[in-house]
Ligand SMILES: Nc1ncnc2c1ncn2[C@@H]1O[C@H](COP(=O)(O)OP(=O)(O)O)[C@@H](O)[C@H]1O
Ligand SMILES: O=C(CO)[C@@H](O)[C@H](O)COP(=O)(O)O
């Protein structure tokens, strides 16, 4: 049996799956936690990857490995390949003012959407480089190469062979803000605009190309951004919209055409199969449930039970912008509770409002995807938050359509493993694994009143000052 491994280095943890390259059958798996915070020393990801690999029984017997990871994080290397400063993650909002300035300097949001498919917000790497140039000029001067979390981990797995060996893939390059998905080329002028010069950038290789070999001789795949990895892992079909509830909330679909949305709501990313992946991303998803459970002094299972113990939050609205927000672009916002009455001041109503508020922000994300013409025939719910019974049952009511939940799994790591199998096989398209995706369907009458109450409340927030 030929084995392949897939790695998901996500915001909260590192997950490794080892699968049969031909059938896709799961052979073994492992995971390890990442530190919290919005800036992280990449060494912590490398240590977690080592632990997760060990928990998965090692990689000495695999023929191929690919890494998918959280997108956008700025990893700066000096001329010796040493990390210059802790990586600024996708959910770090300190570069919000840089995003506004860059947007104006190029001539407005529409110009950026045309240039690179996305309008700068604090999440995009290009804004983090501008922040570095302005706030840490000494560190900026030491930067010899800039890469992303998955690029850096792939390079480490290859033995960190020199800056010229850095590679990335289309999906993650498309989240930098200096690579054009429609042209398939870096926009070095935008790198100049942000940083004032042009450090080494990873070479962008094709979806089934080889990024090198590991010490043990396994082929390294190109890797991917985690959402593109999930699309590969779910074996997404035309018309599928994937909604992922992890640290980030995302809604995305594969598309044959690049997206360009001057409103900034939709990111016109590339996917990991040679086409495109229009995507909307929020900063507040599963952690809204974690935080509400903490406030109520209960675990996630009890939070879910409480949320389902009342038929509605009865006008209580939780605006979920606890980390500020990316979509809509409100980096300085805070969360809020509106409509509180004596009779709704109960743990059950608060639990319900948290689930509904988080889902309403994702319903807005689905609407934004629809507004750029994304075909939608079914909605699939994945990510850690999709394990919550309350999320599964309330999502179809808030989204106003049936929701399918695939069997629990590590779909990002699975996508990376499928890419590794593709790289090993050298075939024209990725291998088809197994039967049709096993899903459970959830349906509920639509609750437009919940969306309306949320729409009336979502802008009523105070800034974090
Ligand atoms: N049963 C559950 N109910 C609600 N949330 C859950 C449940 N199980 C896991 N989660 C949430 O999933 C999140 C982690 O999901 P994951 O998709 O791995 O995130 P990331 O990819 O951002 O690291 C955590 O915030 C955790 O609270
Ligand atoms: O910024 C984005 C997508 O644009 C996020 O989706 C990150 O890629 C982090 O993903 P998770 O760790 O939450 O899965």
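Tabulated data for the structure shown
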quantity	calculated
Qualifying residues in segment 48-87 (those that are buried (at least 24 other Cβ atoms within 10 Å of the Cβ) and more than 30 Å from residue 280 (Cα to Cα)) - the one nearest to the chain's Cα centre (by Cα)	64
Residues within segment 171-202 that are touching a helix residue (DSSP H, G or I) at 6+ places or on another chain (Cβ under 8 Å) and not in a loop (DSSP other than H, G, I, E, B), tallied	11
Hits in segment 133-149 (condition: assigned to a helix (DSSP H, G or I) and surrounded by fewer than 24 Cβ atoms within 10 Å (Cβ to Cβ))	133, 134, 135, 137, 138, 139, 140, 141, 142
Residue count, segment 14-43 (criterion: outside any loop (DSSP other than H, G, I, E, B) and either away from ligand 1 (no atom under 14 Å from the Cβ) or surrounded by 17 or more Cβ atoms within 10 Å (Cβ to Cβ) (or both))	18
Count of segment 399-430 residues which are under 20 Å from the mean Cα position of the chain (by Cα), farther than 30 Å from residue 360 by Cβ and surrounded by fewer than 19 Cβ atoms within 10 Å (Cβ to Cβ)	0
Residue list for segment 160-183, filter: within 20 Å of residue 275 (Cβ to Cβ) and without any contact (Cβ under 8 Å) to a residue 40 or more places away in the chain	183
Answer residue from segment 273-290, given it is away from ligand 2 (no atom under 13 Å from the Cβ) and touching a strand residue (DSSP E or B) at 6+ places or on another chain (Cβ under 8 Å) and is farthest from residue 245 (Cα to Cα) among those	275
Residue 335 on the phi > 0 side of the Ramachandran plot, at pLDDT 95 or above and within 24 Å of the chain's Cα centre (by Cα)	no
Matching residues in segment 88-112 - criterion: being surrounded by 21 or more Cβ atoms within 10 Å (Cβ to Cβ) and under 16 Å from residue 193 (Cβ atoms)	95, 98, 99, 102, 112
Verdict on residue 273 being modelled with pLDDT under 95 and either under 13 Å from the mean Cα position of the chain (by Cα) or part of a loop (DSSP other than H, G, I, E, B) (or both)	no
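Here is a yes/no grid of residues against (1) part of a helix (DSSP H, G or I); (2) modelled with pLDDT under 95; (3) crowded, with 23+ Cβ neighbours inside 10 Å:
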residue	(1), (2), (3)
361	yes, no, yes
370	yes, no, no
381	no, no, yes
394	yes, no, yes
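The values are calculated or read from the model by the stated rules, or taken from the named source; none is laboratory data. A quick note: this is a predicted structure, and the numbers were derived from the prediction, not measured. We place every Cβ from the backbone using ideal geometry, glycine too, and count neighbours over all the protein chains shown.
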